[in-house]
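Shown next, in structure tokens, is the structure this report addresses.
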Amino acid sequence: MGKGKRNDREKNVPEGSSGLIKASVSFFCLLLGAVLQGAAMALFLFPHSVPSGGAAGLAILIHHWFRLNHGISLWLVNAFFFLFALRHFGYMWTFRTIFSVALASFTISTLSGQMRLPHGPLPFDLFAGSVIFGAGVGLLIRAGASSGGMVIPALLIAERKNWSPGKVLFGINLFIYLLTSFVIDYKIVLYAILCQF
């Protein structure tokens, strides 16, 4: 009996340690993914008014019209959709996404305000921003979160209409890119689509 109990305890120790390690890795991915996203937008994409997605496109438009900080604009765009996400996708996914958006917005506000770096050549900034942003998205997905924005309405519409989430998201983003290019610069739509790849 004693030996059996000891074996059970020995089995439980690694499981507990494994759970803690997984939680730590997940939290680290969440932190790093959000910071990478914010840095990519603040340092490489937003200086050229290139949106990394639909929410970023709306944030650029809000900044253009009302001169609000890019980070605050991004947070305002996302805040509206979190109410729907909480109801449809659960507390954990929504909380992680809120955290990632808040940290990305904070990173954008901090870097935009503190680091006045000269703009690099557009092709380099577009490439660097896209790679870093993509790495951030990958880490957020690994952490069980998302970058927020148009992902939330796209998933809701796709679920209700039984459409492909990817096609719905592409359609929403394309509309916002076209609006942004009409208001700011027609070339933005091309840069934004290139950024997605």
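Since every read-out is calculated from the coordinates, none of them should be taken as a lab result. Predicted, not measured: the structure shown is a model, and the values here were computed from it. For neighbour counting, all protein chains shown are included, and Cβ atoms are generated from backbone atoms with ideal geometry for every residue, glycine included.
Observations, loosely collected:
- For the chain: lysine pairs under 27 Å (alpha-carbon distance), excluding those fewer than 8 apart on one chain: 4
- Cα-centre dipole for the chain with unit charges at Cβ (Lys and Arg positive, Asp and Glu negative), debye to 20: 640
- With neighbour counts taken as other beta-carbon atoms within 10 Å, the residues Phe175, Phe46 rank, fewest first, as Phe175, Phe46.
- Per-residue Cβ neighbour rank within 10 angstrom, fewest leading, His70, His63, His119, His88: His119, His88, His63, His70
- Ranking Ile72, Ala56, Trp93 by how far each Cα lies toward the positive end of the dipole of segment 20-196 (charges on Cβ) leaves Trp93 at the top.
- Ellipticity estimate at 222 nm from DSSP helix runs (n ≥ 4, -39,500 (n - 2.57)) divided over the chain, nearest 500: -27000 deg cm²/dmol
- Options (1) 19.7, 76; (2) 25.1, 106; (3) 15.7, 48 - which one matches Rg and Dmax of the Cα atoms in Å as calculated here: (1)
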